[in-house]
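This report refers to the structure that appears directly beneath it.
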Amino acid sequence: LLFFWLCLVNGAVVVNTWPWPQATTAAWDALKNGETVVDAVEKGCTQCEIDQCDGTVGFGGSPDENGETTLDALIIDGRTRNAGSVGGLRRVKNAIGVARHVLDHTTHTLIVGDQATEFALQMGFKEESLSTAVSQKIWETWKKNNCQPNYWNNVVPNNTQSCGPYKPQPLADSTEDPHFWVGRESHDTIGMVVMDHNGDLAVGTSTNGASHKIPGRVGDGPIIGAGAYVDNDVGGCSETGDGDVMMRFLPWYGSD
């Protein structure tokens, strides 16, 4: 079941995933002030990063196996189809802002990991911890529960009973079936679509990914065609769910 929040006036529209009206309002206010749809998407998603929407957006949520929170974000201009995104962004809170700088100030589309952090610092963003007492408590509880659940498969020691470290198990010796445990509380994304009264469109996503993910994992959020897509001639959409599955099927392609 997917909830969303919508504002529609005089042909302009702001719609985002889940009941996060503060993000909708921030984007709508940008449109009312004459800013572009790309500006509106950035400001709407930034508001959710600041508010840590549902613990699944922004700092202080979804710690990885090492207890660190990392961020993914994507922004696309429907008029030009140009995009900017970051994956596995470390120690910078405003992921959608960094993605916007990739869009505006480079000819690249996606920058990841420590190099994304280096880019952000060069662009003037502040470096700071993304961990909070809440995220550390989540991680500590998970560790005490023998790192259950986790995303490993076909490894030794048995990943359903221990924290590792793991080594690969020959697939011919494996009796383990792949298991997927994604639940509503373990992941999510703000996805936002904005259209102004001229019919120009933009989309964006921002997320801290899956809880207890293997460090370095990047989900569907910053991936064009999986996390979101937009084209002024067609429309825009954003998806949320199990990113590792959704990247395999490119939901935008199926909805075109």
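For the chain, the per residue solvent-accessible surface stands at 47 Å², with DNA, RNA and ligands left out and a 1.4 Å probe. Computed with a 1.4 Å probe over protein heavy atoms only, the accessible area of Glu140 comes to about 80 Å². Surface composition of the range 33-73: carbon and sulfur atoms hold 42% of the protein heavy-atom accessible area at a 1.4 Å probe. Sorting Ile138, Ile75 by solvent-accessible area of protein heavy atoms yields Ile138, Ile75, largest first, with a 1.4 Å probe. Taking a ≥ b ≥ c as the square roots of the eigenvalues of the Cα gyration tensor, an a/c ratio of 1.5 or more together with a/b no larger than b/c marks the range 96-170 as oblate.
Summing Lys, Arg as +1 and Asp, Glu as -1, what charge do residues with Cβ under 11 Å from the Cβ of Glu35 carry, Glu35 excluded?
Summing Lys/Arg as +1 and Asp/Glu as -1 gives -2.
The H on the amide N of Ile224, modeled in the peptide plane, is under 5 Å from the matching H of no residue at least 5 residues off or on a different chain.
For the chain, the alpha carbon positions stretch 60, 39, 34 Å along the principal axes, listed from largest to smallest. When the residues Cys147, Cys163 are ordered by accessible surface, computed with a 1.4 Å probe over the protein chains alone, the sequence from largest down reads Cys163, Cys147. Thr106 contributes an accessible area of around 40 Å² to the protein surface, as traced by a 1.4 Å probe with all chains present. About the centre of its Cα atoms, the chain shows a dipole size close to 440 debye [charges on the beta carbon of Lys, Arg (+1) and Asp, Glu (-1) only; nearest 20 debye].
Return the tail of the calculated pair distribution for the range 48-130, meaning the percent of Cα-Cα pairs more than 20 Å apart. It would help to have the intermediate numbers written out before the result.
On the way: 964 of 3403 pairs.
Considering the range 48-130, 28 percent of its Cα-Cα pairs are separated by more than 20 Å.
Met246 contributes an accessible area of around 30 Å² to the protein surface, as traced by a 1.4 Å probe with all chains present.
The values are calculated or read from the model by the stated rules, or taken from the named source; none is laboratory data. What you are looking at is a predicted structure, and each value in this text was computed from that prediction instead of being measured. Every residue, glycine among them, receives a Cβ derived from its backbone with ideal geometry; neighbour counts consider all protein chains shown. Surface areas here come from the heavy atoms of the whole protein model, side chains and all, with no ligands, DNA or RNA. Shrake-Rupley method; radii C 1.70, N 1.55, O 1.52, S 1.80 Å.
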